[in-house]
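Below is one structure, written out as structure tokens; comments come after it.
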Amino acid sequence: MRIRTEVALPASLVLAFALLAPAGAATASSAAVPALPTCRENSLRIGAAASDQPETVRISVTNRGAQACAVDRVPTVVFGDLDGPALPVPEGGSGPYRLSAGSSAYAAVRTLDPAATELRVVERLTVAGNPAHRGRTFDAASLGAPDGVRVWEPVTTWWHRSSAAADAALERHTG
């Protein structure tokens with residue numbers, strides 16, 4: 001005789017596990033969880049500001065929509081017309097990051113590697129919550145860099161619930 005044990009989990013807990021699972025990972029109950037819609041670009045407010053840390057910019061994304069939606073867990077940050085975005089720390093691929101209606105997420109971007117022996121200077125950077133979005137562009141002066149943003153091997157944290165958590169993550173992974 002076989003004994004079968006079943007545990008019923010609340011839908012919110014199943015959704016939380018699904019959002020934390022690596023992209024493409026399948027779970028036994030993943031079919032029961034409705035996919036979280038990708039945030040529409042016009043429902044997001046993107047922000048960027050100078051940080052009190054050298055060569056660092058704080059960025060944010062706010063869901064202005066009426067429903068929860070997902071942005072990419074890694075912000076897309078590009079510098080002027082340089083090739084490629086800031087690389088994520090920790091390393092990791094694309095995946096969903098849940099934003100409740102009215103909530104915000106924060107990331108920290110280090111624009112210049114402290115050990116850099118070279119650098120480029122750009123007049124703007126663009127931030128998006130999803131690589132498919134055009135994003136919002138900020139000029140260097142608005143980021144506290146009137147002579148341009150200095151860039152070499154830039155990195156960005158994943159989104160976090162607070163700017164303090166984003167700052168700590170940047171320090172942990174680059175400090």
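Go through the range 145-162 residue by residue and tally those that are outside any loop (DSSP other than H, G, I, E, B) and either open to solvent by 50 Å² or more (accessible area, probe 1.4 Å) or among the aromatic types (Phe, Trp, Tyr) (or both).
2
Looking at the range 118-128, which of its residues are of a type outside the set (Val, Ile, Thr), more than 20 Å from the chain's Cα centre (by Cα) and part of a strand (DSSP E or B)?
Arg120
From Ala115, Ala165, grab the single residue that is small (Gly, Ala, Ser), more than 12 Å from the chain's Cα centre (by Cα), more than 19 Å from Asp83 (Cβ to Cβ) and not in a helix (DSSP H, G or I).
Going through Ala115, Ala165 in turn, just one is small (Gly, Ala, Ser), more than 12 Å from the chain's Cα centre (by Cα), more than 19 Å from Asp83 (Cβ to Cβ) and not in a helix (DSSP H, G or I): Ala115.
Is the range 129-138 home to any residue that is basic (Lys, Arg) and either farther than 22 Å from Leu170 by Cβ or not in a loop (DSSP other than H, G, I, E, B) (or both)?
Yes, because at least one residue in the range 129-138 is basic (Lys, Arg) and either farther than 22 Å from Leu170 by Cβ or not in a loop (DSSP other than H, G, I, E, B) (or both).
Assess whether Ser162 counts as being among the hydroxyl-bearing types (Ser, Thr, Tyr), closer than 23 Å to Leu44 by Cα, modelled with pLDDT of 95 or more and out of contact with any strand residue (DSSP E or B) (no Cβ under 7 Å at 6 or more places or on another chain).
The answer is no for Ser162.
Could you tell me whether any residue of the range 99-107 is open to solvent by 50 Å² or more (accessible area, probe 1.4 Å) and under 12 Å from the mean Cα position of the chain (by Cα)?
There is at least one residue in the range 99-107 that is open to solvent by 50 Å² or more (accessible area, probe 1.4 Å) and under 12 Å from the mean Cα position of the chain (by Cα).
Checking the condition closer than 19 Å to Arg134 by Cα, open to solvent by 20 Å² or more (accessible area, probe 1.4 Å) and not in a strand (DSSP E or B), which residue from Leu82, Leu36 passes?
Just one listed residue meets the conditions, Leu82.
The values are calculated or read from the model by the stated rules, or taken from the named source; none is laboratory data. Treat the numbers as computed from the prediction; the structure is a model and nothing was measured. All Cβ positions, even for glycine, are placed from backbone atoms using ideal geometry, and neighbour counts span all protein chains on display. Heads up: the accessible areas ignore ligands, DNA and RNA and are worked out on the full protein's heavy atoms, side chains in. Shrake-Rupley method; radii C 1.70, N 1.55, O 1.52, S 1.80 Å.
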